[in-house]
Amino acid sequence: MHLFFINSALFGILLLGVLPLLVHMFARNRPPQYAFSNVDFLQKILKKTARFKKPQDWILWFLRTLALLALLSAFLLPMISMKDEGVVADRVSRVYLIDRSASMAAEQGSSTRFQQACQRVAELLQADAPDLANVVWIQAQAQSVFPQLGKNLTYLEESVLRADVAYENGAIGSAVELAIRQLEGSTHRKEIVLLSDFQESAYSNLDINLPAGIELKKVQIGSGEVANLAISNVYTSVANPMVGQELAVVAKVHNYSSSPRRTSVFADMGGNRRSQMVELPAWGEAEIRFRSSFQSAEKVLITLSLAEDAYPADNQCSIVVPVRQSMRVAFIHAAEQRVNGETVVPNELDVWQRLFNCFDWVECDFVELDSLTNFSAATTYDYIFVNQWNGSDSELIKQWAQEGTSLVVMPAGGVPAAHLQAIMSADKPADLAGRTLLQGKPRSMLGSESSRTADASQFWTVTASARLASQDAGLFALYESGDFGSAVSGNVYQRISLPADLGEDVNHLLEYSDGKAAMLSSSAHGAPVVLWGVMVGLESSSWAESSSIVTFVGEFLKHHQSASKLELSQYPAGSYLSYKLDERVEASSVTLKKDGSESVPIAQKMSEQGVLMQSKDTQAVGVYFWVSGSETVDTQVINFPYSESNLKLMDAELLTVGERLHVDELMRMASLGDGVELWPYLILICLLLLMIENLLAMYRPRGMKKEVMR
C-alpha cells in the first residue's frame, strides 16, 4: 500500500505546523493589576489550578497543531493506492478468464454460478477500469470477446451480462494460453483474473505455467455441495441391429451426493416407452437396461431421461441407432486353394456358403484375395472372415478392429504364436514359443464310420470352454434349456490347435475334448477379433452335418457384432454439425433444426467426401434434425459432457499458481488500485480536532470555583 501526494511542490507549507507552538510560547496575557495588602490567597489559587491548567495547555497545543497539519496536508491532495510502482498513473492490462463450462450452470442461491461470475466481472469493470482489457471464455474452444486487448469497457460489460453458460467441457489450458498471448505484447502491468467454480474433476490435475511478469488472481464462485443425479454412456448391445433383432439399451446412472438416492429412469426407444426405478448408493452408480427391437429399417432416436433434480442439464442422454434390413459379411479366401504347399479342404468354402444362405438377414460377399491389403471396403462390412490366414498384415487386421469391424480369423497351420498375439492382445508383442498346429487326418483316410466311432483317439469333440468369461456367457444362453441340443455337436477329425496363452485380455470360447483351445476372442483393439480353430469342412468334422452349426453361427454373428460401429451421429458439445449431401437432395432445400423447431444457420462447403452442409457456429446440447423439404434425412445428437456432472468443488488454494482472493477483497483492491483521495478526510479531521479543542478549552473540573473563592 502506497501514499502519494499530487501537489508535492507544496510540502513547504507543512512548516506552518509549528505556528501553534510559536503562538503558545510567545503569547503573553496582561491580566489587570490590583493592589492587595497580602498575596497569600493568590498563591493558594495558583496552587489549586496549576494541576489542571498546565496539562490542559499541552493538550490544547497538541490538538491545534494536529488540526493545522491536517488542514495544510489537504492542500497536497494525498492519495492512497495499492499500486506496485511508485506512481499513481500506473497502467494496467487485464484479461478476465470466465469459466463458461457446464458446471457453472449449477444454482447457488437465487442465481447460477455463471451469472454470479458475470455480475462480478461487470462490477470490476466499473470499479477498477483497466487501461486495456478483454474477456476470455473457458469453454470447449476458448474464445475472447475482442480479438485483442481493447479499451471499450462498456461493450465488454454488456457482452458479459448478455452471455449464457455453454453446456460443454472447459478447455482451461487453451483459455489460459489465449490470455497469455493477448498480454504478451502489452507494456503495461499484466494481470489475469480467473473466475471459476474450480470444479474438482477439471482442476485437480491442472498445471498452469505463467510467464514472468503476468500475475494471476483466482476468484472462486460457488461453495458447498450441490447434489446431482446424471445419466450417461447410453449404448446398445448391437451397434447396427437388424429389423426384429432384440437388443439391450444400456446406460449408467450416477449419484453425485453424500446420501443414497432413488430415482426413475424413463426410456423412449423409437416410440416404445418404458420406465424403471433405480437405487443409487452415495457417490455411486448403477447400470440400467431396457430390452427392445425395431420393426422397420430406419434411424431410431433413443432417449433415456431421469426425474427432475436440482441440476436438470444432465438428466437426459440420447443416441441414434441405424436399424438395417440385413447384416453385411465379407468372407476373404485365397485365390489359389493352397496354403504352405498343402491343399485346402475343397468343400470348406462350400460349407460356409451354405451356412450364410441359411440367414435371410445376412448378405455375404465371398472375396478372392492373395493379400488383405487389396481389400479396401472393410469399413462397409459388419464382419470380415479371413480364411486360412498366414500371419501377414496383422496391423491391417488391428486397424479394421479399431474402425469397428468384427473379425473372424481362421489361421492356417504353422502361424507363429507371436503373430496371433499381435492381433489378439494389447500387450507389447512378444516372441512367444509355439505356433498353430494342423492336427488330425481327413475323414476319408480314417477308414469306416464304425471304426472311427470305436477309436476315440482319432477325433475330438468340442464344448464351451471351462475358462469362459462372464461377458461371453450369452453366446451359449440359448442352449441352457436343452431344447437346442449342444452348441457344437459331432466329431472333429482335423483341427487347428490354438496357443492357449496369448494375453490376459484374450477370452476362451470353445475348447477340444483334450483341453486345447478351439476358439478365442478379444476386444483389445476395439471390435471383437475371434480366432476360429474348428474346421467345418465335411472332411474335417461332422459338425456341418448337424443343424447345430446353423444355430451356433447365427448366435455367434449376433453376439460378437461390434458395439462400437456407430455411424457418426453423436458429437461432443461445442462441435460443428455436418451432413454429407446426398446426390438426390438439393442443397437449397436442406435445413438444420434443433429439437425439431429452432432453426440453426448452416453453410455449404466442399470436402474430400463431397458437398457438406455444416452449421455456421458450434452447437450446444440437444437433438438436431437435418431436414429436406418435409423429410428428415439425418438425425444427430449432442449429449451433455459426462465429466461436468460431478459438481464437487475443490479449494482454489490447491491450484498452487496465483493468488486467491475473495470477490469483496478484489473490489476493495480495485478501489485502492485506482487510489482513494484523502484530502476530504483530512479536512474532516481538522474540523473534528478544532471542535474537540473548543470543548476542552471550556472544560473546568467540578468544585474548582468553590475552592478558589474560599
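Values in this text are rule-based calculations from the coordinates and carry no lab data. Computed from a predicted model, the values in this text were never measured in an experiment. Note that we place each Cβ from the backbone using ideal geometry, even for glycine, and neighbour counts take in every protein chain shown.
Compare the peptides 410-419, 257-266 by average per-residue count of other Cβ atoms within 10 angstrom and give them in order, highest first.
410-419, 257-266
Sequence-distant or interchain residues sharing an amide H contact under 5 Å with Met242, placed H: which?
Distant-sequence amide H within range of Met242: Arg324.
What fraction of the DSSP beta bridges in the stretch 228-324 is antiparallel, stated in percent and rounded to the nearest 5?
95 percent
Can you check what the Kirkwood hydrodynamic radius comes to for the stretch 573-636, Cα pairs only, in Å to one decimal?
Radius from the Kirkwood sum: 11.8 Å.
How large is ³J(HN,Hα) for each residue in the stretch 640-656, as worked out from phi by the Karplus curve 6.51 cos²θ - 1.76 cosθ + 1.60 (θ = phi - 60°), to whole Hz, x for Gly and Pro?
4, x, 4, 5, 8, 6, 7, 8, 5, 9, 10, 5, 4, 5, 5, 7, 5
Multiply the residue gap between Val611 and Ala282 by 0.36 nm, knock off their C-alpha separation, and tell me the result in nm, one decimal place.
Difference between extended and current length: 113.5 nm.
Within the stretch 471-554, report the chymotrypsin sites (Phe, Trp or Tyr not before Pro) that DSSP leaves as loop and that have at most 16 other Cβ atoms within 10 Å.
Counting only loop positions with at most 16 other Cβ atoms within 10 Å, the chymotrypsin sites (Phe, Trp or Tyr not before Pro) in the stretch 471-554 are Phe484.
If amide H atoms are built 1.01 Å from N in the plane of the peptide, which residues on other chains or at least 5 residues away come under 5 Å of the amide H of Trp389?
Amide H neighbours of Trp389: Met410, Ala412.
Write out the GluC sites (Glu not before Pro) in the stretch 468-541 meeting two conditions: DSSP loop, and at most 13 other Cβ atoms within 10 Å of their Cβ.
Hits after loop and neighbour filter: Glu480, Glu504.
What whole number of Å gives the distance from the Cα centroid of the stretch 224-261 to the Cα centroid of the stretch 267-304?
Here the answer is 8 Å between Cα centres.
Give the long-range amide H neighbours of Ser575: residues separated by 5 or more places, or on another chain, with amide H under 5 Å away, using H modelled in the peptide plane at 1.01 Å from N.
Gln619
Starting at the first residue of the stretch 93-100, write each ³J(HN,Hα) from the Karplus equation 6.51 cos²θ - 1.76 cosθ + 1.60 with θ = phi - 60°, in whole Hz, x for Gly and Pro.
With coefficients 6.51, -1.76 and 1.60, one gets 10, 9, 10, 9, 8, 10, 6, 10 Hz.
For the stretch 578-667, which GluC sites (Glu not before Pro) pass both filters: DSSP loop (anything but H, G, I, E, B) and at most 11 other C-beta atoms within 10 Å? Please report the intermediate quantities before stating the final value.
On the way: sites: Glu583, Glu586, Glu598, Glu608, Glu631, Glu644, Glu653, Glu659, Glu665; in loops: Glu583, Glu586, Glu608.
Listed in order of number, the matching sites are Glu583, Glu586, Glu608.
Show me, for the stretch 247-255, the HN-Hα J-couplings you get by feeding each phi into the Karplus relation (A = 6.51, B = -1.76, C = 1.60, θ = phi - 60°), rounded to Hz, glycine and proline as x.
Result, rounded to whole Hz: 9, 10, 9, 10, 8, 10, 10, 10, 10.
Which entries of Lys398/Lys558; Lys558/Lys593; Lys218/Lys252; Lys593/Lys648; Lys594/Lys648 have Cα-Cα distances beyond 24 Å here?
Lys558/Lys593; Lys218/Lys252; Lys593/Lys648; Lys594/Lys648
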